[in-house]
1. Tell me: how much accessible area in total is hidden between A and B, 1.4 Å probe, Å², nearest 100?
2. For the pair B:D58 and B:D117, what calculated FRET efficiency results from E = 1/(1 + (r/R0)^6), where r is the Cβ-Cβ distance and R0 = 30 Å, to the nearest 0.05?
3. In nm, to one decimal, how far is the B:I197 label point from the A:E139 one, both placed 7 Å along Cα→Cβ?
4. Note every residue of segment A:181-200 with a reduction of at least 40 square angstrom in accessible area, all protein chains present versus the isolated chain, computed with a 1.4 Å probe, or write none.
5. Shielding of A:154-160 by partners, i.e. mean partner chain Cβ atoms within 10 Å per residue?
6. So the label point sits 7 Å from Cα along the Cα-to-Cβ vector; using that for A:N171, what distances do you get to the other copies, in nanometres, sorted shortest first?
7. How far apart are the B:E30 label points across copies, placing each 7 Å from Cα toward Cβ, in nm, shortest first?
8. For the rotation that brings chain B onto chain A, whose beta-carbon in chain B is nearest the axis, and what is that distance in whole angstrom?
There are 2 protein chains.
Amino acid sequence: MTIRLAIVNDYEVVVRGLASMLRSYSDRIEVVELDAGTDPAARVDIALFDTFAQSFRDRERIARLVRDPRVGKVVVYTWGADDPSAGSGQPPGIAAYVSKRLAAADLVTALERIHADEPVRRQDSGHGPLVGGDWPGREEGLTARESEVLSLVTQGYSNNDIVETTMLSINSIKSYIRSAYRKIGVTTRSRAILWGIDHGFQPDRVRLDDSGGSPEHR
Amino acid sequence: MTIRLAIVNDYEVVVRGLASMLRSYSDRIEVVELDAGTDPAARVDIALFDTFAQSFRDRERIARLVRDPRVGKVVVYTWGADDPSAGSGQPPGIAAYVSKRLAAADLVTALERIHADEPVRRQDSGHGPLVGGDWPGREEGLTARESEVLSLVTQGYSNNDIVETTMLSINSIKSYIRSAYRKIGVTTRSRAILWGIDHGFQPDRVRLDDSGGSPEHR
DNA sequence: CCGCGATACACCCCAACAGGTGAGCACGGG
DNA sequence: CCCGTGCTCACCTGTTGGGGTGTATCGCGG
């Protein structure tokens with residue numbers, strides 16, 4: 001019996017990339033995008049919350065998923081900070097955290113174990129490159145991290161805001177920003193924002209799973 | 001005999017505002033927007049180059065107007081720095097400079113005198129508010145200056161860039177930026193840029209009079 | 001005539017950002 | 001097995017930006 005999975009992220013390309021990464025496992029995982037077009041009543045076994053350029057303060061978002069009767073378990077797909085429970089309290093109701101550094105096969109296995117209520121060992125396996133998936137700016141030569149911080153820059157966040165949403169050090173943020181600047185050919189934050197807007201680095205913001213919430217100010 | 005006038009500026013509101021300000025003088029001035037839709041072969045007596053958020057370094061732009069066989073005289077509609085010939089050499093071929101602080105009636109008279117090759121006394125009359133006209137962000141409570149610098153901010157210019165294009169002091173720039181921030185409710189440049197994009201503070205960039213030029217990198 | 005708003009500029013302070021260098025660790029390919 | 005790439009962080013420096021306050025002139029409206 002296949003697991004019905006929803007991928008939650010505001011970036012079209014992220015959702016599609018993750019979906020295509022899981023396509024070869026369609027016998028074990030069925031990806032049901034919680035997008036416009038899907039029946040609001042459709043039930044899913046697991047909602048996979050992808051943290052790419054998601055505000056971690058958007059605990060609201062996760063809380064809404066947990067409350068949602070259509071959603072079985074909520075799993076956070078994160079960069080695998082070795083201790084996700086660190087920081088000032090995570091929102092309750094999360095079934096598990098899985099690392100973005102897992103290979104596709106391991107991701108699928110992990111999801112299956114979570115669905116079967118088996119304990120998942122935190123097998124983060126250290127630091128390695130993100131396998132599979134997709135993200136905005138990939139063809140421009142940006143790495144996943146660079147794209148992530150650039151997305152947040154494009155949305156008008158300060159470096160300190162980005163520290164909070166990514167749980168990285170301020171120094172790392174600055175490093176990623178600099179290398180991203182070099183790759184996209186800008187030297188100021190302002191130009192980077194304009195570049196980002198021109199290249200689809202702003203979230204789409206029209207999601208069904210977000211409906212019911214307040215109409216994002218933006 | 002009426003004077004055929006073209007208003008040159010990338011901002012729709014600016015062109016329309018100036019046109020409506022001159023509407024009551026339609027017996028003496030006929031406004032022919034050099035916009036898409038106008039026959040490229042249409043001749044105008046005077047091209048009025050509005051410097052609102054125009055790069056003053058865009059001397060290219062003025063030079064192209066001067067060269068254009070469809071254009072009689074080129075007049076620069078500026079803030080009326082008392083000495084427009086100041087700075088590092090203005091582009092040649094400009095028939096006159098007229099101040100933005102002139103009332104509509106005086107503007108019309110000045111254009112008539114210029115057209116008749118009569119000398120125009122520099123009657124700048126000091127510092128006063130801009131009369132008539134229109135600019136983006138007017139209804140948001142922004143003054144013409146605030147809107148102008150905000151436009152340039154939105155386009156990704158640094159404060160020093162803005163100094164060059166507006167010929168104001170860096171201190172003035174910062175003052176205008178701060179008061180604009182207060183009015184639109186932001187505290188950082190990044191947010192101001194996003195606000196500007198959401199409120200049409202970017203030039204339109206599809207002008208016939210600009211055709212033949214290189215496709216703006218933007 | 002006096003206040004108010006707009007333009008224009010000055011001086012000051014401090015936080016934020018840009019840019020450089022270096023360094024450790026993990027992984028994958030030659 | 002080393003080399004390159006990506007992720008992570010640190011330290012340092014210089015420039016830019018944000019914010020406050022104050023001053024001056026002009027023009028409009030009460």
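The values are calculated or read from the model by the stated rules, or taken from the named source; none is laboratory data. The model shown is predicted, which means the values in this text are computed figures rather than measured ones. Note that we place each Cβ from the backbone using ideal geometry, even for glycine, and neighbour counts take in every protein chain shown. For the accessible areas, the whole protein counts, side chains as well, though only heavy atoms, and no ligand, DNA or RNA atoms are used. Shrake-Rupley method; radii C 1.70, N 1.55, O 1.52, S 1.80 Å.
1. In total, this chain pair buries about 1000 Å².
2. 0.65
3. Reported label-point gap for B:I197 and A:E139 is 2.0 nm.
4. Output list: A:S190, A:R191, A:I193, A:L194, A:D198.
5. Numbers: counts 3, 3, 9, 3, 4, 0, 0.
If you average over the peptide's residues, the count of other-chain Cβ atoms is 3.
6. 4.0
7. Counterpart label points of B:E30 in the remaining copies fall at 7.0 nm.
8. B:I193, 3
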